[in-house]
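The values are calculated or read from the model by the stated rules, or taken from the named source; none is laboratory data. Since the model is a prediction, treat every value here as computed from it, not as a measurement. Reconstructed Cβ throughout: ideal geometry from the backbone, glycine too, with neighbour counts over all protein chains shown.
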Amino acid sequence: MIAETTIPGPEDEWLLRVRQLSVGFDDDVEQAAVRRLDLDIRRGEVFALVGESGCGKSLTALTILGLLPPGARHLGGTVEHAELGSLLQLSQRQQRAFRGKHIAMVFQEPASALNPVLSIGFQIMEVLRLHRGLSRSEARRQAIDWLRRVAMPDPEERLRAYPHQLSGGQQQRAMLAMALASGPHLLLADEPTTALDVTVQAQVLDLLLDLRQELGLTILLITHDLGVVAQCSDRVGVMYAGALVEEAPVERLFESPAHPYTRGLLASLPRLGGDGPPQGIPGQVPDPGERPPGCVFAPRCSQVMPRCRVADPPWIELSAADGAAAPQDPAAQASHWDRHRSRCYLYEEAAPRRGRAAPREPGPLKDPGTLR
Ligand SMILES: Nc1ncnc2c1ncn2[C@@H]1O[C@H](COP(=O)(O)OP(=O)(O)OP(=O)(O)O)[C@@H](O)[C@H]1O
Ligand code: SF4
Ligand SMILES: [Mg+2]
């Protein structure tokens, strides 16, 4: 059956609720970089947002934080926070007050987010003094401690360093320390581990999971790395060309990916001992102004049908049948947070009768491609 796009989460569990959010660089919602996005984030979870480059992941996070890049416009929709209210309705002053203190962000480009003329120690201590009201000596002690927790080598020495004196991975860790130091309850982490080698990445991910346990930190994790997603997220949203196309608990997504795009992303992963190079997805994410009508993924989809080119597919609730995604029995109701849903006509095709067969298996992918 077709799901409503506006089903609310259980009242006591949701922290962030995004509804029909559109953000673009001109007035056309259809061509908006983020287009009618619905997203629910549960308290204390790690929700991973994945998708190829240019899908709108960073723009989504920046909009939640009220930091639209120059030229970007909010074209519609809402961002509701359970305690802070409607975030996009707040004044600039109110937004500045919650930013950092309640909701912090690890920006994708740490070099441009850190102030180049201030030492990283000064920047982290400023956060601690401003948002936590600490004395200078206590702020210094805690800044060193945060740098140690994000696996910064020689943290006391690094406190005096300016951003240009740090490697990309060290800048990323300084940014993370600064974001965590204010004690936010929601962290928007945009590719927080891309510049880190695998051992440091593992330490940083462990730290985030520890903080979730210790402090109930909720995390929106943006990444193109499906290994990171598998390692530390609870639920996953797959984004394509400005909109979500699949949403599921992490195990379900990896066991029974439904949308051909998600299957393509998973087929792009290299496998030890696999037969030949990983398959990829042919073609590229279209620019917002060049999206085709109907399903935006149609030009790249090996299972495209005539109707796909006519209208956007609706959300369809799914369940696992013999390990494969299948339309959900109308009598079964997955909890809001356990639901698996996808926007693809393959499942609607199979949906009308109970006891129906699972949709066709995915066809072969045409050309090798990459995730980024
Ligand atoms: N300042 C801008 N002016 C015009 N278009 C922009 C601007 N910033 C982003 N866009 C467009 O918005 C879309 C979404 O960009 P966004 O940075 O959110 O992608 P992303 O999913 O974070 O990609 P990546 O994985 O490369 O970080 C892209 O098509 C991009 O070209
Ligand atoms: S709706 Fe059609 S084109 Fe789009 S992903 Fe599904 S099968 Fe492919
Ligand atoms: Mg980005």
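Only one of the numbered conditions (1) outside any strand (DSSP E or B); (2) among the charged types (D, E, K, R); (3) under 29 Å from residue 287 (Cα atoms) is violated by residue 206, and that is (3). Only one entry in 98, 107 is under 25 Å from the mean Cα position of the chain (by Cα), assigned by TED's automatic domain parsing to the domain that holds residue 63 and within 16 Å of ligand 1 (Cβ to nearest atom), namely 107.
For region 63-79, the set of residues classified as within 16 Å of residue 36 (Cα to Cα) and under 17 Å from the mean Cα position of the chain (by Cα) consists of 63, 64, 79, listed by residue number. When residue 225 is tested against the conditions (1) within 16 Å of ligand 2 (Cβ to nearest atom); (2) in contact with a Leu (Cβ under 9 Å, 6 or more places away or on another chain), the lone failure is (1). Within region 34-60, the residues that satisfy the criterion of being more than 8 Å from ligand 1 (Cβ to nearest atom) and of a type in the set (A, V, I, L, M, F, W, C) are 37, 39, 41, 46, 47, 48, 49, 50.
Among the residues of region 247-270, the one identified as among the charged types (D, E, K, R) and within 12 Å of residue 48 (Cα to Cα) is 247.
With (1) buried (at least 23 other Cβ atoms within 10 Å of the Cβ); (2) more than 16 Å from ligand 2 (Cβ to nearest atom) as the list, and residue 258 as the residue in question, which single condition is left unmet? Among (1) buried (at least 23 other Cβ atoms within 10 Å of the Cβ); (2) more than 16 Å from ligand 2 (Cβ to nearest atom), residue 258 violates only (2).
If the condition is being part of a strand (DSSP E or B), farther than 18 Å from residue 88 by Cβ and basic (Lys, Arg), then region 35-59 contributes only 42.
Can you work out which of the residues in region 209-221 that are of a type in the set (A, V, I, L, M) and not in a loop (DSSP other than H, G, I, E, B) is modelled with the lowest pLDDT?
Step one: list which residues in region 209-221 are of a type in the set (A, V, I, L, M), which gives 209, 211, 215, 217, 219-221.
From what's left, not in a loop (DSSP other than H, G, I, E, B): 209, 211, 215, 219-221.
Numbers: 209: 91, 211: 87, 215: 83, 219: 96, 220: 97, 221: 97.
In this case the residue turns out to be 215.
Within region 282-316, the residues that satisfy the criterion of being farther than 12 Å from residue 261 by Cα and among the aliphatic types (A, V, I, L, M) are 305, 310, 311, 316.
Per-residue answers, yes or no, for (1) out of contact with any His (no Cβ under 9 Å at 6 or more places or on another chain); (2) over 22 Å from residue 60 (Cβ atoms); (3) of a type in the set (Gly, Ala, Ser); (4) within 16 Å of ligand 3 (Cβ to nearest atom):
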site: 188; (1), (2), (3), (4): yes, no, no, yes
site: 196; (1), (2), (3), (4): yes, yes, no, no
site: 220; (1), (2), (3), (4): yes, no, no, yes
site: 233; (1), (2), (3), (4): yes, no, yes, no
site: 238; (1), (2), (3), (4): no, no, no, yes
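Within the option set 335, 256, 268, being among the hydroxyl-bearing types (Ser, Thr, Tyr), modelled with pLDDT under 90 and under 20 Å from residue 47 (Cα atoms) holds for one residue only, 335. Name the residue that is farthest from ligand 2 (Cβ to nearest atom), counting only residues in region 37-74 that are in contact (Cβ under 8 Å) with a residue 40 or more places away in the chain and more than 27 Å from residue 265 (Cβ to Cβ). Selected residue: 43. Are any of the residues in region 154-174 crowded, with 21+ Cβ neighbours inside 10 Å, under 17 Å from residue 222 (Cα atoms) and either of a type outside the set (Phe, Trp, Tyr) or not assigned by TED's automatic domain parsing to the domain that holds residue 62 (or both)? Checked region 154-174: at least one residue is crowded, with 21+ Cβ neighbours inside 10 Å, under 17 Å from residue 222 (Cα atoms) and either of a type outside the set (Phe, Trp, Tyr) or not assigned by TED's automatic domain parsing to the domain that holds residue 62 (or both). Within region 283-311, residues that are under 16 Å from residue 53 (Cα atoms) and without any contact (Cβ under 8 Å) to a residue 60 or more places away in the chain have Cβ atoms under 8 Å from residues that are part of a helix (DSSP H, G or I) and within 15 Å of ligand 1 (Cβ to nearest atom) in these pairs: 297/261; 300/261, counting only partners at least 6 apart in sequence or on another chain. For region 281-298, a residue qualifies if it is within 16 Å of ligand 1 (Cβ to nearest atom) and over 19 Å from residue 24 (Cα atoms), and the qualifying residues are 281, 283, 284, 297.
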